[in-house]
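Notes follow the structure.
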Amino acid sequence: MTISENEQQRVIDWALRENACTPEALLPVLHAIQDALQYIPELAFDALAHALNLSRADIFGVISFYSDFRLQPPGRHLLRLCRAEACQAMGGRSLEAEVRRRLQIEFHATTDDGHVTLEPVYCLGACACAPALTLDGSLHGRVDLARLSVLLDQLEIPR
């Protein structure tokens, strides 16, 4: 889904109006923008830098530090695979290998057709149900290769 620059600007302006325009407002503003657009567009950098008296580098540093922020629109489906210790110990690495093989992408990437974005996450809070992932915001626990295959098949991902 392509979002026009006018719509992006409207969301950025709204996020700045809704949050106090101080340097401490950067995280709430970034979250508001991403909640509305599903990513932080390049267009936001100058507006945020000016409104919050920060540099573009300051803003990029925060965005790149937190793994939840993205600079590109996600695919139609968002697959977030937990890479925390509990999930790794319970077979997460084999899930990771299978997802990469089936999707033919690495973490922080979207399939060429824009169908699926693959993101790592470093704890979903479901350690007792490891390994875990979220697909389009729905949590799936105790995922094995068979369950992963079913989830990917539902998205019509080729084998």
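Tabulated data
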item	result
Largest-first principal axis extents, alpha carbons of the range 5-65, Å	24, 22, 17
Placed amide H near His77: partners under 5 Å, 5+ positions off or other chain	Val116, Thr117
Other-chain or far-sequence residues with amide H under 5 Å of Leu71's (modelled H)	Ile40
Most mobile of Leu30, Leu54, Leu95 in a GNM of the chain (Cα contacts under 10 Å)	Leu54
Other-chain or far-sequence residues with amide H under 5 Å of Leu139's (modelled H)	none
Sum of side-chain charges, Ser94 neighbourhood, beta-carbon under 15 Å (Lys, Arg +1; Asp, Glu -1)	+4
Within the chain: Cβ-based charge dipole about Cα centre, in debye rounded to nearest 20 (Lys, Arg +1; Asp, Glu -1)	520
The chain: relative contact order as a whole-number percent, Cα under 8 Å and 6+ apart	19
Structure-based [θ]222 nm, the chain - -39500 (n - 2.57) summed over DSSP H runs of at least 4, per residue, nearest 500	-13000 deg cm²/dmol
From the coordinates shown, Cα Rg over 2.2 N^0.38 Å corresponds to which of (1) 1.23; (2) 1.36; (3) 1.16	(3)
Estimated inter-spin distance, Gln9 and Phe65, nm [label 7 Å along Cα→Cβ]	3.0
J(HN,Hα) series, the range 52-62, from Karplus relation 6.51 cos²θ - 1.76 cosθ + 1.60, nearest Hz, glycine and proline x	9, 6, 10, 8, 4, 5, 4, 5, 4, x, 5
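A short reminder: the numbers here are calculations on the coordinates, not readings from a lab. The shown structure was predicted, so the numbers you read here are calculated from the model rather than taken from an experiment. Every residue, glycine among them, receives a Cβ derived from its backbone with ideal geometry; neighbour counts consider all protein chains shown.
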